[in-house]
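So the structure is just underneath, and the comments pick up after that.
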Amino acid sequence: MKTVVMTRAGGPEVLEVVERPEPVPAAGQVLVELAAAGVNFMDTGVRRGLAWAPEPNPKVLGVEGAGRVLAVGEGVSRFRPGDRVAWVYAPGSYAERLAVPADALVAVPDAIDDRTAAAVMMQGLTASHFATDFYPVQPGDIALVHAAAGGLGLLLTQIVRLRGGHVIGRVSSPDKVAAVRNAGADHVIVATGGDFAAEVVRLSGGEGVHVVYDGSGPATFQGSLDSLRRSGTFCWYGPVLGGPGPLDIMSLPKSIKIGYAAFFDHIHTPDLLRARAGQLFEWIASGALKVTVGATYPLAAAAGAHRDMESRATTGKLLLLP
């Protein structure tokens, strides 16, 4: 079967398509045939050696996807051959077939197609965590969403709106504005660096926003601080781009609250994973949440997907298809 491996840490050129033996599901695992694999920014960090470094190369990239069950290992009773499933954080997902722990799988309803299921797992669950757990958005709250035209940003914008909040989205180029407005953002700011806070404060009635969701790295950190109102919340994420450096907690302004939103805290049990995913699927089936697949690539073109993602020229979710 075909898999995409990284031969060493580096740029997209280190990705290669190789043949590997068919996996056999161990106890507690499920063998699935891939329908679509999600491409995430964390995959580029793994490729550059910023994560999974102790794992020897060559190693298969990817953690997310959707497909159909081919076989189940000993002790698995929840799934059976023929079931449609999706998963999140199953390393090795850039492959035609893979063995996934049953606890990482969710059943996909008939109303949800494979590409949508693959596209919503990592980013949809992340957006859900940000807006419901890390900072439970209340009606009337104003949120600043960075990288609002990306797969995560578009979903987060919609979930904030579903909870009665308002969104100011920041994008890097004018051609991304329409997508963010279509997702429900009240205002969209075009800014490539940290010069956006004054406009955010103006758009929020002079007080600043209730919450900032910032995964854009150190360049936007100070601007995000300056965009918050008194007792506002700063949701920091995206370790691939690095942290802001050491902080003097006594220098933080306006009694703000700042923290790092860890993905697994939202779905730290299989039951929570399935409940949160089920909510996303319900929203999608009802039309309340729209998943934007920005581009699809053959599995063999994973390097091109990485280049496009890192260029910041894409909108929505990128998928690999076998």
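The values are calculated or read from the model by the stated rules, or taken from the named source; none is laboratory data. What you see is a predicted model, and the numbers here were worked out from it, not measured in a lab. Positions of Cβ are generated from backbone atoms using ideal geometry, with glycine treated the same way; all protein chains shown enter the neighbour counts. Note: accessible area is taken over every heavy atom of the protein model, side chains too, but ligands, DNA and RNA are not part of it. Shrake-Rupley method; radii C 1.70, N 1.55, O 1.52, S 1.80 Å.
Taking first residues from region 42-55 that are basic (Lys, Arg) and partners that are surrounded by fewer than 15 Cβ atoms within 10 Å (Cβ to Cβ) and at pLDDT 95 or above, the Cβ contacts under 6 Å between residues at least 6 apart in sequence or on separate chains come to Arg48/Ala9.
In region 203-226, the residues that are at positive phi form Cβ pairs under 8 Å with partners that are of a type in the set (Val, Ile, Thr) and open to solvent by 20 Å² or more (accessible area, probe 1.4 Å), at six or more places apart or across chains, as follows: Gly208/Val201.
Are any residues in region 203-235 in a loop (DSSP other than H, G, I, E, B), modelled with pLDDT of 95 or more and open to solvent by 20 Å² or more (accessible area, probe 1.4 Å), and if so, which ones?
Of all residues in region 203-235, those in a loop (DSSP other than H, G, I, E, B) come to 204-208, 215-217.
Subset that is modelled with pLDDT of 95 or more: 204-208.
Scanning region 203-235 gives Gly205, Gly206, Glu207.
Give me the residue from region 192-202 that is open to solvent by 10 Å² or more (accessible area, probe 1.4 Å) and of a type in the set (A, V, I, L, M) and, out of that set, nearest to Asp141 (Cα to Cα). Lay out the reasoning, then the answer.
To start, the set of residues in region 192-202 that are open to solvent by 10 Å² or more (accessible area, probe 1.4 Å) comprises 192-195, 197-199, 201-202.
Pick out the ones that are also of a type in the set (A, V, I, L, M) and you get 197-198, 201.
Numbers: Ala197: 17, Ala198: 18, Val201: 14 Å.
The extreme case among them is Val201.
If you go through region 239-281 and keep only what is open to solvent by less than 70 Å² (accessible area, probe 1.4 Å), among the aliphatic types (A, V, I, L, M) and either at positive phi or in a helix (DSSP H, G or I) (or both), you end up with Val240, Leu241, Leu272, Leu273, Ala275, Ala277, Leu280.
Number of residues in region 235-267 that are within 17 Å of Gly193 (Cα to Cα) and among the basic types (Lys, Arg): the value is 0.
Taking the listed residues Ala9, Ala102, the one that is of a type in the set (Gly, Ala, Ser), free of Cβ contacts under 8 Å to residues at least 60 places away in the same chain and over 16 Å from Gly304 (Cα atoms) is Ala9, with no other qualifying. The C-beta contact set for region 131-148 (first residue of a type in the set (Asp, Glu), second residue in a loop (DSSP other than H, G, I, E, B) and modelled with pLDDT of 95 or more, distance under 6 angstrom, 6+ apart or interchain) comprises Asp141/Gly165.
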